[in-house]
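Read through the structure below, which is laid out as structure tokens, and then see the notes.
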């Protein structure tokens, strides 16, 4: 078999011979390049994703170090300053240091975690990337095959997998462990510059791991919520009909929410017309409505963009101190692994030259999130910019039970 054939076989079979693993995973992200890559990928491949994603000013980077304990097939512990993800073989706990969701679901696996691409790369890489010829290299003291890769499908190609967009770059460099097939390092690039780097800074294959490592102890002061409790709260907020539904069955409650909200479809035009009719303009519209609409859409689709300090949301009115609560909310609301939440604007009505009603939705992997589908909010003009109204963002955070204290 050729060296490239050996590489593909390694990726397809990973994690070959692995029963346990410990180590640390370092992730570095250049926020502006990552967002630019995501925007280019979604547009060039005709995906239904909304433009948004990792925000931040040019040059802003982020480092994350995750400690890893893994015992295949169904036990792991992933810990860092931002989140915890533990599974003891039966139950999974995932969330932030202040809020953890407990999930009893035997369908989850290590491929559904943040390190899934590293440990079990075949499902996501082989269908999405076209590989070059590999060369020998070493990472974390382990022999590996280094290879460059690009997305397999071109613009308009049939069968394009939107999940491939979530690989995070227009080009890729991968270092595949020569023994197990796991990814030791993954670099995503745009215009020959790195968007993100994920790599094992240390790794041990098949070490003994005590069962104690997979016991879950809530972080001090953390709120632990059953998954079904979260779903019931969402169902009540959206007016889902739970008649005859087993309220202790998460799948049944989730199905009721989906039936009510039809999350895979945009807001029906008749519903938008009803919403518009409730609001009567009280002043003149902006002089340039098209420019104002574009500015509002930019604010909502880039809702998570932060300033140089990383603490203020630059597209939100009085956004100082809101970046932290937003990150906490993103940890609390479960999305498909590898997925990313984006805001899309459904409609805008100007009440006057400096205020507008905005109906918006949250999409994950192109599907409407039941919790926020056609949500009504406001945009306000501050100086020469349109921003998301402070109260609208605060109200959105309440869905994830993140309460922002009143200013002052």
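Just so you know, all these numbers are worked out from the coordinates, no wet-lab data involved. Remember, predicted model here, so these are calculated numbers, not experimental data. Glycine also receives a Cβ, built like all others from the backbone with ideal geometry; neighbour counts cover every protein chain displayed.
Among 83, 303, a tally of other beta-carbon atoms within 10 Å of each Cβ gives an order, fewest to most, of 83, 303. Multiplying the residue separation of residue 212 and residue 252 by 0.36 nm and subtracting their alpha-carbon distance yields 11.1 nm.
The modelled label-to-label distance for the pair residue 135/residue 220, using points 7 Å beyond Cα in the direction of Cβ, is 5.0 nm. Under the simplified labelling scheme, the residue 4-residue 202 pair shows an inter-label distance of 3.8 nm, with each label point 7 Å from Cα along Cα→Cβ. The label point for residue 26 and the one for residue 79, both projected 7 Å from the Cα toward the Cβ, are 2.1 nm apart.
Figure legend: label point modelled 7 angstrom from the Cα of residue 62 along Cα→Cβ; residues of the range 287-322 with amide N under 18 Å from it are 300-316, 320-322.
Cβ-Cβ distance of residue 353 and residue 307, R₀ of 25 Å, FRET efficiency by 1/(1 + (r/R0)^6): the value works out to about 0.40. Going by neighbour counts of Cβ atoms within 10 Å, the residues 213, 363, 248 line up, fewest first, as 248, 213, 363. Each of 297, 305 was scored by other Cβ atoms within 10 Å of its Cβ. Arranged with the fewest first, they read 297, 305.
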